[in-house]
Amino acid sequence: GGVESPGTLTTPEAPDLAATFAAMRDAGDRAAVIEVSSHSLAFRRVAGCAFDLALFTNIAPEHLDFHRDMEDYVDAKAALFRMLDPDSSVHVQTRGIFNADDPMGPRVVAECSAPTLGFGITCGDIRAIDLHLSLEGSDFTLRYPDGGSRRLCLRLPARYNVYNAIAAAAVAECAEITRDVVAQALEEAQPVPGRFEVIGGEGDPMVVVDFAHTADELENLLEAVRGITDGHVIAVFGCGGDRDRTKRPVMAETVSVRADYTIITSDNPRSEDPGDIAAEVARGIRQGSPHEVIVNREEAIMRAVSLAQPGDVVVLAGKGHETYQIFAEKTIDFDDREKARRALAIRRRGRAQ
């Protein structure tokens, strides 16, 4: 009914989810879009939910502190598509929608009893062709299965946002939303705070703040940055405490082979020692790759901005929109965007003297 309420879990527990759906129905809402996590599927939080449409975006090694291995992780994701019942929907034809460019896409929907629809850039039923990316956004032609097409100009930069846009268009197509409405909605969509959020430029180094906190996300982020600059790329990132430790050196290797300079710092250390986390991360740095470790995140950001020259890009990864940093004994106010603006201001004052 237009009333917002805070949430904690990505997917609420089953009783809370049912209560939310009931409140939405009573308020006159006609549809619900829900992010279904692999944890929630493993814990059966969505048991009893009749989904009309299910969407798989992509998958990369993550949550292996919970899942036994990647096989178990992929199987948990596929459980959503095994739940689809072609005879259950009274609104639209039930469909399983998947990223056809992701190697795991066809596998995730392999046991889906409902018809499936693939989307992608290189292949798929719905595709983005003639793609052009820039700092300001992206433009491409959206090609539909029946041969129809729409030219779209998005305000969202980076290739992964193109995938998100095609995914949304695929869902809308299955939900029988008109293509003109889809085109208008996508072109009006505003950038998301903390997701490839650009700060600086125009004589200053550019700073890109992003929530990327897995190796796959960092790879996508850094490749997107490489596509918009001829300057150096300086990456600042850390790894959260009390989370999957196996990904720490993998993330470091991913960053060190794609950035010109890497600064390893603290993320949300939680109950772990920040220095110990940074040391684990540093073990993954590719031999010979320029880097340093600065555990204090604010100092790391200041250092990165001081090293950068006009035309260079500083990437601050891992926290994005977050306005806090979690330690064992306390949580402090911390916003990468504010710290970046302060670092740029100090840099400008230093140059003016």
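The values are calculated or read from the model by the stated rules, or taken from the named source; none is laboratory data. These numbers come from a predicted model, not from an experiment. We place every Cβ from the backbone using ideal geometry, glycine too, and count neighbours over all the protein chains shown. These area figures cover heavy atoms from the full protein model, side chains too; ligands, DNA and RNA do not enter into them. Shrake-Rupley method; radii C 1.70, N 1.55, O 1.52, S 1.80 Å.
Excluding ligands and nucleic acids, what accessible area in Å² is computed for residue 52 using a 1.4 Å probe, to the nearest 10? Accessible area of residue 52: about 50 Å². The dipole here belongs to the range 225-353: it is taken about the Cα centre, uses +1 on the Cβ of Lys and Arg and -1 on the Cβ of Asp and Glu, and is about 460 debye. Taking the alpha-carbon centroid of each part, what is the distance from the range 276-325 to the range 117-141 in angstrom? The two parts, judged by their Cα centres, are 31 Å apart. Label-to-label distance, residue 321 versus residue 176, with points set 7 angstrom from Cα along the beta-carbon direction: 3.2 nm. Phi angles across the range 320-327 convert, under the Karplus curve 6.51 cos²θ - 1.76 cosθ + 1.60 with θ = phi - 60°, into 3J(HN,Hα) values of x, 7, 4, 10, 8, 9, 9, 10 Hz, Gly and Pro given as x.
3J(HN,Hα) along the range 145-153, derived from phi through the Karplus expression 6.51 cos²θ - 1.76 cosθ + 1.60 where θ = phi - 60°, amounts to x, 7, x, x, 8, 9, 8, 10, 10 Hz, with x in place of Gly and Pro.
Here's how it looks for residue 192: its modeled amide H is under 5 Å from none belonging to a residue 5 or more places away or on a different chain. Averaged over its residues, the range 96-197 has an accessible area of 46 Å² per residue, based on protein heavy atoms and a 1.4 Å probe. Rolled with a 1.4 Å probe across the full set of protein chains, the surface gives residue 159 an accessible area near 100 Å².
Amide H to amide H distances under 5 Å link residue 116 with 96, where only residues 5 or more positions off or on other chains count and H is placed in the peptide plane.
For the residues 163, 73, a 1.4 Å probe over the protein chains yields an accessible-area ranking, largest first, of 163, 73.
Listed options for Rg and Dmax of the Cα atoms in Å are [x] 19.6, 60; [y] 21.6, 72; [z] 23.2, 71. The value calculated from this structure is the one marked [y]. Between residue 91 and residue 198, the simple label model (points 7 Å from Cα in the Cβ direction) yields a spacing of 3.7 nm.
Between 265, 57, 122, find the one with the highest GNM mean-square fluctuation for the chain; connect C-alpha pairs within less than 10 Å. Taking springs between Cα atoms under 10 Å, the residue moving most is 122. From helices alone, the chain scores -10500 deg cm²/dmol at 222 nm; the rule is -39500 (n - 2.57) for each run of n ≥ 4 DSSP H residues, then divide by the residue total. Here the range 147-269 carries DSSP beta bridges of which approximately 50% are antiparallel, counting only pairs with both residues inside.
Taking a probe of 1.4 angstrom, what is the accessible area of residue 257 in Å², to the nearest 10? Rounded to the nearest 10, that gives 70 Å². Using a Gaussian network model of the chain in which every pair of alpha carbons under 10 angstrom is joined by a spring, one finds that among 231, 48, 241 the greatest mean-square fluctuation is at 48. Rounded to the nearest 5, the antiparallel percentage of DSSP beta bridges internal to the chain is 40%.
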